[in-house]
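The values are calculated or read from the model by the stated rules, or taken from the named source; none is laboratory data. Here the structure is a predicted model, which means the values were calculated and not measured. Every residue, glycine as well, gets a Cβ built from its backbone with ideal geometry; the counts of neighbours run over all protein chains shown.
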């Protein structure tokens, strides 16, 4: 008997089988804290087929199923589309993927019939490599999957068969993400359009930088950038005379030790509306807590899984 898996349309409640025990006890929905994304799909397979948790090849195959499904519409053409290069039909009605899995771990990826998007070897290959540092050792809490021997075949329209996946023993440690307050984030943006827009945007950034120095706001890790020019490609150096952008958006952002300094950044950018270069408009400002994350490894034996069953 095959198992059919599909992503939950709502991410607020995660349908999983933490070690399969909850489903074995008759649970219909399992709500959990942060877990490895592939586990949302591996656990139902373990429950449905009775896979041993130490059969590393089966675990590796199940992790691969989960990795392909975990981002939902991404494997059916979302985040894949590039007009004229990789066209995807029906994105407005993008269908979620479906995995049809056999007891031996072999599986195919398809999508909801009649829905938009597409399932091809290319869409599945991109998702297979997504967030993977080492294809031969994709580390998950349940196993270390090996994608290096993967063979993807177009089995039919919007259907791809995946083979060649193996696995090795799970790690002895679990990843724990710890959130902590790390100061404040201050940010301000303003737009300039028309002739000489980039030069006016750069003057605006220079003015804010000088104003922050004059008012005692540290700018050591601040970002002064023109969105669309050098915000992503750092140090791009601007466009040539023949490629001058007709509009830019100047952005200043920095992490600060105090809320007062964070607010000052947005206020200085907003002041450019009247005190800066000509034609500034659409200024915005915000100051928020900066929540950082530190990831650490915790020995597995220190973690005890607990299941609480709530009856309707």
Notebook entry, point to check: Within the range 79-100, can you find the residues that are in contact with a helix residue (DSSP H, G or I) (Cβ under 7 Å, 6 or more places away or on another chain) and outside any strand (DSSP E or B)?
Noted result: 80, 81, 95, 96
Note to self: With free of Cβ contacts under 8 Å to residues at least 12 places away in the same chain, under 22 Å from residue 191 (Cβ atoms) and within 32 Å of the chain's Cα centre (by Cα) as the only criterion, which of 234, 251, 264 stands out?
What the structure shows: 234
Note to self: Please go through (1) surrounded by fewer than 18 Cβ atoms within 10 Å (Cβ to Cβ); (2) closer than 19 Å to residue 108 by Cβ; (3) at pLDDT below 95 for residue 44 and return the number of the only condition it doesn't satisfy.
What the structure shows: (1)
Next item on the list: Have a look at 216, 201 and point out the one that is surrounded by fewer than 16 Cβ atoms within 10 Å (Cβ to Cβ), assigned by TED's automatic domain parsing to the domain that holds residue 290 and more than 30 Å from residue 134 (Cα to Cα).
Entry: 216
Next item on the list: Answer yes or no as to whether residue 278 is more than 30 Å from residue 176 (Cβ to Cβ), surrounded by fewer than 12 Cβ atoms within 10 Å (Cβ to Cβ) and more than 29 Å from the chain's Cα centre (by Cα).
Entry: yes
Item checked: Candidates 82, 87, 54 - the one that is at pLDDT 95 or above, under 20 Å from residue 35 (Cα atoms) and surrounded by fewer than 20 Cβ atoms within 10 Å (Cβ to Cβ) -> 54
Check: Only one of (1) closer than 30 Å to residue 305 by Cα; (2) at pLDDT below 95 fails for residue 135. Which number is that?
Finding: (2)
Notebook entry, point to check: Of all residues in the range 226-250, which are closer than 13 Å to residue 199 by Cβ and modelled with pLDDT under 70?
Noted result: 238, 239, 241
Note to self: Can you say whether residue 103 is at pLDDT below 95, under 27 Å from residue 305 (Cα atoms) and outside any strand (DSSP E or B), as far as the supplied structure shows?
What the structure shows: no
Next item on the list: Give 296, 303 a once-over and let me know the one that is farther than 30 Å from residue 194 by Cβ and within 24 Å of the chain's Cα centre (by Cα).
Entry: 296
